[in-house]
Amino acid sequence: MEPGDGAEETPLPLALARFQLSEEYGFLLPHPLTELPAPYGPWMEIAQDLPRLIATHRLRSCVHQMPQLSAQHLRGREELHLAHLVLSFITMGYLWQEGEEGTVKVLPQNLAVPFWEVSQALGLPPILSHADFVLANWRRKDPDGPRDPARPLRRNLDTIISLPGAESLRGFILVTLLVEKAAVPGIKAIVQAIRAILQLDHETLHEALQELAEAIGDMTKALARMHDFVDPAVFYAVIRIFLSGWKDNPAMPGGLVYEGVSDEPLAYSGGSAAQSTVLHAFDELLGIRHSEESSAFLRRMRQYMPPPHRAFVEEIRRAPPLRQHVLSSGDARLRAAFNRCVCALADFRSYHITIVTKYIAVAAAKAKAGRAEPGHGPAAGKPPSALEAKGTGGSHIFSFLKSVRDTTREGLISA
């Protein structure tokens, strides 16, 4: 195996390639593999049949029959990311096949050991994270088809590995991918802005801030497509449990033993939008300071990012502070452009609260009232209840989201 950590100390100015970032795709893995080498066929066979195996309650028995494979023969970042994607999806299916009341306490050795090995090589935790679920889980049905993933959501873009949830799951993953893709001009604007500060180039800095504000606005537009592709009842009753982790989750208070790795249970947070590096990068550039509790959660979520992406955020934090530069410049145009970025980021976070309200709070109320569609959930259609008020990452979701939105607004520079 080859390590994926590119987080060595290097000087400014920033260069995207140094942090495994793409000029075209940003934090997305540019060309994800869709097949592992032949020896890993048993993993791929199970992963490509997960929805059916879970629906027929056969996944656990299939996992128990899996051969013990070593991850040592995987080569390169793409193979490692696909292996992590495959093993993380199998793990989530294995854990939650019978719903939140039918969890297990031990992940069997033939799954736990290779998952741990791949995770160590990538610097990622052994659980499904945003880096797997979205960043490395996309492909084109026709490689020669449209290259802009914003248009062909139904036609040419697809996921590599799936879980129960059918078209709603596919829509949830791909819309989130579109949000990441919309952020790319903003990521490049960060680099441009930091260089402009170092060179005292106010014209270029103004342009970079305009591009950043526009990119954040485009992210909000992309997020709005969630309404077109994701059914709230399916998201809440079917999809959400498979994103849940075993830290701060009442359904698995004791964590999970990774057999052959640790005799003691380990606790990891489930997938969360807070694991997306994009907003962390924007916060650092704009000097947004969140509350102590929210900051602690966000810092913990950085451990679920690929190390080079985490290093990118740290490099922005170490750069000359943009806010202070704008204040000391006395330039009204720069101040206005900076405030447009902050407003756009606060608006994005407000819209995210709207989405979460629809897909979690309202959907939970309907499920409680018995109006949720029966027969969809992992355990005879019973919707999950352990995380009604929490995010899959374990945060108290509404207080957290409102707090980060409000502290973002506080980042505005007053006239």
Item checked: Count - residues of region 252-265 that are open to solvent by less than 20 Å² (accessible area, probe 1.4 Å) and either at pLDDT below 95 or over 26 Å from V86 (Cβ atoms) (or both) -> 1
Notebook entry, point to check: Can you tell me which residue in region 196-252 is farthest from R333 (Cα to Cα), limited to those that are part of a helix (DSSP H, G or I) and of a type in the set (D, E)?
Noted result: D228
Checklist line | The listed residue being under 27 Å from the mean Cα position of the chain (by Cα), open to solvent by 10 Å² or more (accessible area, probe 1.4 Å) and at pLDDT 95 or above, out of F312, F338, F348 | finding: F348
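Each row is one residue, and each column tells you yes or no for (1) of a type in the set (D, E, K, R); (2) closer than 30 Å to P125 by Cα.
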site: V179; (1), (2): no, yes
site: P185; (1), (2): no, yes
site: V191; (1), (2): no, yes
site: L198; (1), (2): no, no
site: E207; (1), (2): yes, no
site: M226; (1), (2): no, yes
site: A233; (1), (2): no, yes
site: L243; (1), (2): no, yes
Margin query: Can you tell me how many residues within region 123-168 are at pLDDT 95 or above, in a loop (DSSP other than H, G, I, E, B) and touching a Gly at 6+ places or on another chain (Cβ under 7 Å)?
Written below: 5
Notebook entry, point to check: Which one is nearest to T204 (Cα to Cα), of the residues in region 269-326 that are β-branched (V, I, T) and assigned to a helix (DSSP H, G or I)?
Noted result: V326
Margin query: Under 7 Å between Cβ atoms, which residue pairs at least 6 apart in sequence (or on different chains) link something in region 328-356 that is closer than 30 Å to R225 by Cβ and touching a residue at least 40 places away in the same chain (Cβ under 8 Å) with a partner that is open to solvent by 40 Å² or more (accessible area, probe 1.4 Å) and polar (S, T, N, Q)?
Written below: A337/Q210
Notebook entry, point to check: Which condition does H57 not pass, out of (1) surrounded by 14 or more Cβ atoms within 10 Å (Cβ to Cβ); (2) touching a residue at least 12 places away in the same chain (Cβ under 8 Å); (3) more than 22 Å from the chain's Cα centre (by Cα), if it passes all the others?
Noted result: (1)
Check: Taking region 210-234, which residues are aliphatic (A, V, I, L, M) and open to solvent by less than 30 Å² (accessible area, probe 1.4 Å)?
Finding: L212, A213, A215, I216, M219, A222, L223, M226, V230, V234
Note to self: I'd like the full set of residues that are under 15 Å from A38 (Cα atoms) and either in a loop (DSSP other than H, G, I, E, B) or touching a strand residue (DSSP E or B) at 6+ places or on another chain (Cβ under 9 Å) (or both), limited to region 57-104.
What the structure shows: M66, P67, Q68, L69, S70, L74, R75
Notebook entry, point to check: Consider E79 against the criteria (1) loosely packed, with under 14 Cβ neighbours inside 10 Å; (2) modelled with pLDDT of 95 or more; (3) not β-branched (V, I, T): it satisfies all of them except one. Which criterion is unmet?
Noted result: (1)
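The values are calculated or read from the model by the stated rules, or taken from the named source; none is laboratory data. As the structure is a prediction and not an experimental result, all values here were calculated from the model. With ideal geometry, Cβ positions are generated from the backbone for all residues, glycine too; neighbour counts draw on all protein chains shown. Just so you know, the surface numbers come from the protein's heavy atoms only, side chains and all, with ligands and any DNA or RNA stripped out. Shrake-Rupley method; radii C 1.70, N 1.55, O 1.52, S 1.80 Å.
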